[in-house]
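The values are calculated or read from the model by the stated rules, or taken from the named source; none is laboratory data. On a predicted model such as this, the values are computed, not experimentally measured, just so you know. Cβ placement follows ideal geometry from the backbone for every residue including glycine, while neighbour counts extend to all protein chains displayed.
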């Protein structure tokens, strides 16, 4: 062997020995340290991923399922549809077509559908003395709802209602009612109707002095004639202050007391497991009543619930069940009732168009005219204009308005029937805190002055400034010079008022409630302008600072029927007063 070859062999042996010793030491090092082994494993996986096995490395990772809240990405919507369809199913298979072989899956079952009278009779037989022996048990209606709203990913919230059933029945509860009104006749009427306590200013003083506590009474009702006297104790009442929205203010106080004393109050709750369903349980009678009377109560309840349905097609009431409510022993019987004997199954567009109900027609037109206010000094004739337009009446002995009152009128515009609420506000300074609160919900306003009183015209600028401070920036305003029949006493020239209206972006007209001059055109023009703006979708989220100006295009406008019963408002204004499209 050559020296050079021997030298190379020696070097290789030395290198092998060194590598063997290093490998042995490394194994000893890793055996004693588990964390290093784990690091080595991680490095190996990373190295494998770099070498082209990245897909295998990803497969080893644990997938974390992300819970989506709020907006659903477009690439996930298909998956949610399948989940939603499964969740929406309930055990009742009644609305599915009958299979030819009359065989049903075990997961579902088909209920027998009864009439309300037959269901009550069946429960009466079950609770005969020979069986449960509870002949006067309460009959409760358990009703299920589809709470889906107009948008597919939206659902209705839980809501509370009070319904007066046509046939009253004794219940195991007592209600205490406080009724405010002026006059001995109204006090007697409220007491006879079932009010626990009724009174006027004397009752208010006792509350202020602490002799009577509002918390001791379940409901607080009032007649409009005492509305302004209740303002000093508004802080004590808070949300219980009588108002139209809560249904606690009415000029028919006796009927209002009967409704709250004998009516059924219930709350529709959303289901805990299926958010698109809700339920309610309401007592509608007793087993010892005539089954026809119980059926009438059920019909009234279903119609009241149907009026709260969302503006969409499809089922709302899905399943009503009658069940006696007994404490001991319990009754497992639940007899299903067909709700569509009493209410419509769906609310289709064709039904809305053919309906005579003004609210349904307004919903079809996608328009809700909440408020058109009449403002101006006291004595300029605002109430007379309202009376002439809504009832075609004029009263020479008209008194000053106390607080706020309103009347409704339906008119036809371009072949569409719309319903407007015209609010008459008090012009006196002491009612300013109450009346100004109603400006926020106004979509139109008639600013009235007396052509024979120059002071009422001078105050127009102050009224206009106050209206624009409190009302929506897109409100339509018309300047109205009333009492045009007093030509010999005129103190404000027509041209001067017209120039003022042009400078401030208002429309202008002169009227006379006495001889009906221009009363119809005044109201119809402003309502027509509002309708056209809504129909053209110009008031949907208007940009900041834009003001909608009226245009004077001729329109096919003709009056329809009127609502003759004038109602009164509360001092708590409606908050959602805006045109909706």
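Brief remarks follow.
- The set of residues in segment 494-503 that are surrounded by 15 or more Cβ atoms within 10 Å (Cβ to Cβ) and either on the phi > 0 side of the Ramachandran plot or touching a helix residue (DSSP H, G or I) at 6+ places or on another chain (Cβ under 9 Å) (or both) comprises 497, 500.
- Set 491, 516, 507: member being under 30 Å from residue 417 (Cα atoms), touching a helix residue (DSSP H, G or I) at 6+ places or on another chain (Cβ under 8 Å), modelled with pLDDT of 85 or more and assigned by TED's automatic domain parsing to the domain that holds residue 379: 507
- The residue that is modelled with the highest pLDDT, among those in segment 116-148 that are in a loop (DSSP other than H, G, I, E, B) and surrounded by 15 or more Cβ atoms within 10 Å (Cβ to Cβ), is 147.
- The combined condition, being part of a loop (DSSP other than H, G, I, E, B), outside the structural domain of residue 304 (by TED's automatic domain parsing), modelled with pLDDT of 75 or more and closer than 27 Å to residue 486 by Cα, is fulfilled by residue 378.
- Only listed residue being surrounded by 14 or more Cβ atoms within 10 Å (Cβ to Cβ), within 30 Å of the chain's Cα centre (by Cα) and at pLDDT 80 or above, chosen from 486, 464, 476: 476
- Residue, surrounded by the most Cβ atoms within 10 Å (Cβ to Cβ), within segment 159-175, restricted to residues that are within 27 Å of the chain's Cα centre (by Cα) and closer than 20 Å to residue 255 by Cβ: 165
- In summary, residue 360 fulfils each of the numbered conditions (1) more than 21 Å from the chain's Cα centre (by Cα); (2) modelled with pLDDT under 60 with the single exception of condition (1).
- Neighbours by Cβ (under 8 Å, 6+ apart or cross-chain): first from segment 335-348, closer than 16 Å to residue 114 by Cα; second exposed (fewer than 13 other Cβ atoms within 10 Å of the Cβ) and modelled with pLDDT under 85: 335/112; 336/112
- Residue 464 in contact with a strand residue (DSSP E or B) (Cβ under 9 Å, 6 or more places away or on another chain) and either under 20 Å from residue 439 (Cβ atoms) or not in a strand (DSSP E or B) (or both): yes
Matching residues to (1) in contact with a helix residue (DSSP H, G or I) (Cβ under 8 Å, 6 or more places away or on another chain); (2) assigned by TED's automatic domain parsing to the domain that holds residue 154:
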| position | (1), (2) |
| --- | --- |
| 221 | yes, no |
| 254 | yes, no |
| 308 | no, yes |
| 311 | yes, yes |
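- Taken over segment 311-325, the criterion of being under 18 Å from the mean Cα position of the chain (by Cα) and surrounded by fewer than 18 Cβ atoms within 10 Å (Cβ to Cβ) is satisfied by 311, 312, 313.
- The criterion of at least 3 residues that are touching a residue at least 24 places away in the same chain (Cβ under 8 Å) is met by the following strands (runs of 3 or more DSSP E) wholly inside segment 158-255: 159-163, 177-180, 219-222.
- Considering the conditions (1) free of Cβ contacts under 8 Å to residues at least 12 places away in the same chain; (2) within 37 Å of the chain's Cα centre (by Cα), residue 493 is excluded by exactly one of them, (2).
- Take the conditions (1) buried (at least 17 other Cβ atoms within 10 Å of the Cβ); (2) part of a helix (DSSP H, G or I); residue 266 misses just one of them, which is (2).
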